[in-house]
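Undergrad: Pasting a structure here, questions to come.
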Amino acid sequence: HTGYESLGIEHRRSVTAHQGDRWVVEDQALPIPGKKSNHGFQTARLHWLLPDWEWTLEQGDQSNHEIRVRSPYGWVRLGMQAVLPVAESLENPNLQIVRSGKLLHGSGAISPISGWVSATYGNKNPALSVSYSIQGPLPFKLVSTWEFPEL
């Protein structure tokens, strides 16, 4: 992904499938050596769009959250964690859950188009929009851990 090069930031994503229906997605924000940028505090936002199913939220500390949605096959877990060189350097973390343009959890402004999915033109259905925003010094990593029910 090269969309942040003009900011002097490299984005890397890795996806690892583990046994037992567990996937780990790691998004890293790294400074690009020799590129002029503000390597101080950067803002990152991780966003997942989930089906409109029953959900629960377990919040750990400010850098660790887990949302669960009940699929027809059992609970799907999504854990989100910010990993920074110095844990205390995390600022303004915000977990938002939006459905049909309405904020269900978190704080801040939302777009009225958040929390919808459109499989075809002119058709929109409610969805759960889950976003986790952080501010911190580079480098940092946002880790999403997915655990799916065994079939």
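The values are calculated or read from the model by the stated rules, or taken from the named source; none is laboratory data. Predicted model only: the values in this text are computed from it and were never measured. No Cβ is skipped: glycine too gets one built from the backbone with ideal geometry, and neighbour counts run over all protein chains shown. For accessibility, only protein heavy atoms count, side chains too; no ligands or nucleic acids. Shrake-Rupley method; radii C 1.70, N 1.55, O 1.52, S 1.80 Å.
Undergrad: Give the stretch 45-67 a look and list any residue that's touching a Ser or Thr at 6+ places or on another chain (Cβ under 9 Å) and open to solvent by less than 20 Å² (accessible area, probe 1.4 Å), or say none. Walk me through it before giving the result.
TA: Taking the stretch 45-67 as the starting set, the residues that turn out to be touching a Ser or Thr at 6+ places or on another chain (Cβ under 9 Å) are 45-53, 66-67.
Those that are touching a Ser or Thr at 6+ places or on another chain (Cβ under 9 Å) and open to solvent by less than 20 Å² (accessible area, probe 1.4 Å): 46, 50, 67.
Undergrad: State all residues of the stretch 6-21 that are open to solvent by less than 80 Å² (accessible area, probe 1.4 Å) and either aromatic (Phe, Trp, Tyr) or outside any strand (DSSP E or B) (or both); if no residue qualifies, say none.
TA: Answer for the stretch 6-21, where residues must be open to solvent by less than 80 Å² (accessible area, probe 1.4 Å) and either aromatic (Phe, Trp, Tyr) or outside any strand (DSSP E or B) (or both): 8, 20, 21.
Undergrad: What are the residue pairs meeting all of these: first residue in the stretch 121-137, first residue open to solvent by 10 Å² or more (accessible area, probe 1.4 Å), second residue part of a strand (DSSP E or B) and hydroxyl-bearing (Ser, Thr, Tyr), Cβ atoms under 7 Å, and 6 or more apart or on different chains?
TA: 133/43; 135/43
Undergrad: Take the residues in the stretch 22-41 that are more than 21 Å from the chain's Cα centre (by Cα) and open to solvent by 50 Å² or more (accessible area, probe 1.4 Å), then tell me which one is modelled with the highest pLDDT.
TA: So the residue we want is 33.
Undergrad: Answer yes or no as to whether residue 117 is crowded, with 17+ Cβ neighbours inside 10 Å, of a type outside the set (Phe, Trp, Tyr) and at pLDDT 95 or above.
TA: Working: crowded, with 17+ Cβ neighbours inside 10 Å: no; of a type outside the set (Phe, Trp, Tyr): yes; at pLDDT 95 or above: yes.
Here the answer is no, as residue 117 does not meet what is asked.
Undergrad: Considering only the stretch 87-103, state which residues are touching a residue at least 12 places away in the same chain (Cβ under 8 Å), open to solvent by 80 Å² or more (accessible area, probe 1.4 Å) and not basic (Lys, Arg). Walk me through it before giving the result.
TA: Step one: of the stretch 87-103, the residues touching a residue at least 12 places away in the same chain (Cβ under 8 Å) are 87, 89-102.
After this cut, where a residue has to be open to solvent by 80 Å² or more (accessible area, probe 1.4 Å) as well, the list is 91-92, 99, 102.
Listed by number, the residues that qualify are 91, 92.
Undergrad: Scan the stretch 4-26 and report the pairs whose first residue is of a type in the set (Ser, Thr, Tyr) and whose second residue is open to solvent by less than 80 Å² (accessible area, probe 1.4 Å) and in a strand (DSSP E or B), with Cβ atoms within less than 6 Å and a gap of 6+ or a chain change.
TA: 4/11; 14/26; 16/24
Undergrad: Also, quick follow-up: Determine whether residue 70 is open to solvent by 70 Å² or more (accessible area, probe 1.4 Å), within 26 Å of residue 18 (Cα to Cα), in contact with a strand residue (DSSP E or B) (Cβ under 8 Å, 6 or more places away or on another chain) and without any contact (Cβ under 8 Å) to a residue 24 or more places away in the chain. Talk me through it step by step, then tell me what you get.
TA: On the way: open to solvent by 70 Å² or more (accessible area, probe 1.4 Å): yes; within 26 Å of residue 18 (Cα to Cα): yes; in contact with a strand residue (DSSP E or B) (Cβ under 8 Å, 6 or more places away or on another chain): yes; without any contact (Cβ under 8 Å) to a residue 24 or more places away in the chain: yes.
In short, yes.
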